[in-house]
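What follows is a single structure, written as structure tokens, with notes after it.
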Amino acid sequence: MATQLTANKDGGGDQGSAGEVTLRPLLVRDVDRVVRASREQRVLASVLMVQQALVAPKMSVEQVGDLPAGVVQFLADRVNAISGLSMNEDELEQAVRAPLARACFILAREFGWTPAECSELTVGQVLLYLEMIAREERPEAAS
């Protein structure tokens, strides 16, 4: 995801130069690393999250820490959004009601599968296993 932003050294947007950054969603291991590294310092958490998510330009923790606070907050908000760490109630409700999400939840509950195992299934396999549940059959019995 590329985000365009304009900022000057004071954090304002009037006389600054435009810059483009490429962010990637944080993985669970990234969030865990950030939480462990910034236990007592909330500001450090935002800096680390932005630093971990920046694909281009690559920046060190010190370089991100030297950015204006407003720019770091702007980027941290975008990182949270693309990583699924912040959702309003409507977005959460929509995600929960999504047919594929509901299907994966049912499969995980019925067969004890992990989210990673469910994510490896094709849509055809999901539909097949849902049909088996509807017929009260187990995958082991189908072979």
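The values are calculated or read from the model by the stated rules, or taken from the named source; none is laboratory data. Bear in mind that the values here come from a model prediction, so they are computed numbers and not experimental data. We place every Cβ from the backbone using ideal geometry, glycine too, and count neighbours over all the protein chains shown.
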(request) Sort out which residues of region 37-59 are outside any helix (DSSP H, G or I) and in contact with a helix residue (DSSP H, G or I) (Cβ under 7 Å, 6 or more places away or on another chain), and write them in order of number. (result) SER38, MET59
(message) If I ask for residues that are at pLDDT below 90 and surrounded by 15 or more Cβ atoms within 10 Å (Cβ to Cβ), which ones from region 34-47 would you list?
(response) VAL34, SER38, LEU44, ALA45, SER46
(message) Taking the condition of being surrounded by 10 or more Cβ atoms within 10 Å (Cβ to Cβ) and assigned to a loop (DSSP other than H, G, I, E, B), how many residues in region 97-119 meet it?
(response) 2
(request) Return the pairs, sorted by first residue and then second, in which the second residue is in a loop (DSSP other than H, G, I, E, B) and not β-branched (Val, Ile, Thr), the first residue lies in region 64-75 and is more than 16 Å from LEU23 (Cα to Cα), the beta carbons are less than 6 Å apart, and the residues are 6+ apart or on different chains. (result) PRO68/GLY11; GLY70/GLY11
(message) Whether any residue in region 79-88 is more than 30 Å from ARG102 (Cβ to Cβ), in a helix (DSSP H, G or I), in the same structural domain as ARG24 (by TED's automatic domain parsing) and touching a residue at least 12 places away in the same chain (Cβ under 8 Å) is what I want to check.
(response) no
